[in-house]
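The values are calculated or read from the model by the stated rules, or taken from the named source; none is laboratory data. What you see is a predicted model, and the numbers here were worked out from it, not measured in a lab. Reconstructed Cβ throughout: ideal geometry from the backbone, glycine too, with neighbour counts over all protein chains shown.
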Amino acid sequence: MSQVISHSKLRLFDAIEGGSTFWLNEISLYGSDAVLTKILEGSYEGISESSARIRQRLRQKDVAQLLQQIEESQALFISSESHVWPTQLEALAAPPIGLLVKGNRALLTEMDRSLSLVGTRNPSDYGVRIAGDFAIGVTDHSWSVVSGGAYGIDATVHRAALLNDGATVAVLAGGFNHNYPAAHSDLFAEIAQEGLLISEVMPDVPAEPFRFLTRNRIIAALSRGTVVIEAAYRSGSLRTARDAAEIFRQVMAVPGPINSPTSAGCHRLIAERSAELVTSISDVLELVNPLGS
């Protein structure tokens, strides 16, 4: 089945940063063709501070150039018109205008059987062991593992899923031509072969700190629930947990040693009743899949 590509959405995808509720509301109300026209005509001057920058970006590249960049990175652009678009994303206040995907696109239609496993970039031996066990447990039940491709817990769960011949999805903060972290180039190549890479930016866009925060909402929305395996008291993983809670996804946290700084964030979630305490994959599946479907 051929993919439907909305040229206006592709141009807006290239020009507008992800996570903007203003622009997503405009597209929802008026459609991408109309919003594109209004931006180019300057209709948003004085309404949105970003409109001038977006208009300038739109004038820099045409659709043919954008499609060529995507093709050269061996990726595919999808939007809500695509038959593989994961409808779970529509629960977000600001769903992506589109996504670039690379790898096994069939996984996008199976995200109702996926779990996000996230945590610190500096895990303890305990965290690494638990992360690997949980990833193996998820894939043993023929569910997919979703994470962010970063150092630490993210990389551990991706690798464990792959070693277990399971499916894994990495949602990246940068473009496919700017692997971040660069040390994970081989890991990303393996995920592209056996699983799926997802990005909300064009291939040549670098990872920036704010893009890690906006991509976390995608990790949270794609899956049935989010498990925080090990996280400090202030951690990006807690942002993913909050994003999941905001769209009524199940949030879970693994407890650790009471004196461990790398588990303080998990203990905070549990103490605030923001997350269910889980100690095994059985606990997790009972919460997200109580009927065993």
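Listed here are the residues, each with its yes/no results for (1) without any contact (Cβ under 8 Å) to a residue 12 or more places away in the chain; (2) in the same structural domain as THR168 (by TED's automatic domain parsing).
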site	(1), (2)
SER32	no, no
GLU45	yes, no
GLU71	yes, no
LEU89	no, no
ASP112	no, yes
THR139	no, yes
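Listed here are the residues, each with its yes/no results for (1) within 25 Å of PHE212 (Cα to Cα); (2) out of contact with any His (no Cβ under 9 Å at 6 or more places or on another chain); (3) surrounded by fewer than 16 Cβ atoms within 10 Å (Cβ to Cβ).
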residue	(1), (2), (3)
ALA253	yes, no, no
ILE258	no, no, yes
ILE270	yes, yes, no
LEU277	no, yes, yes
ASP283	no, yes, yes
*In the stretch 17-70, what count of residues is obtained for those that are farther than 20 Å from ILE5 by Cα and among the hydroxyl-bearing types (Ser, Thr, Tyr)?*
7
*Please verify whether the stretch 48-66 includes one or more residues that are aliphatic (A, V, I, L, M), within 23 Å of the chain's Cα centre (by Cα) and within 30 Å of LEU187 (Cα to Cα).*
yes
_Residue ID - nearest to PRO96 (Cα to Cα), chosen from residues in the stretch 132-168 that are part of a strand (DSSP E or B) and touching a Ser or Thr at 6+ places or on another chain (Cβ under 6 Å)_ = VAL146
_the stretch 140-176, residues that are among the polar types (S, T, N, Q) and surrounded by fewer than 23 Cβ atoms within 10 Å (Cβ to Cβ)_ = SER142, ASN164
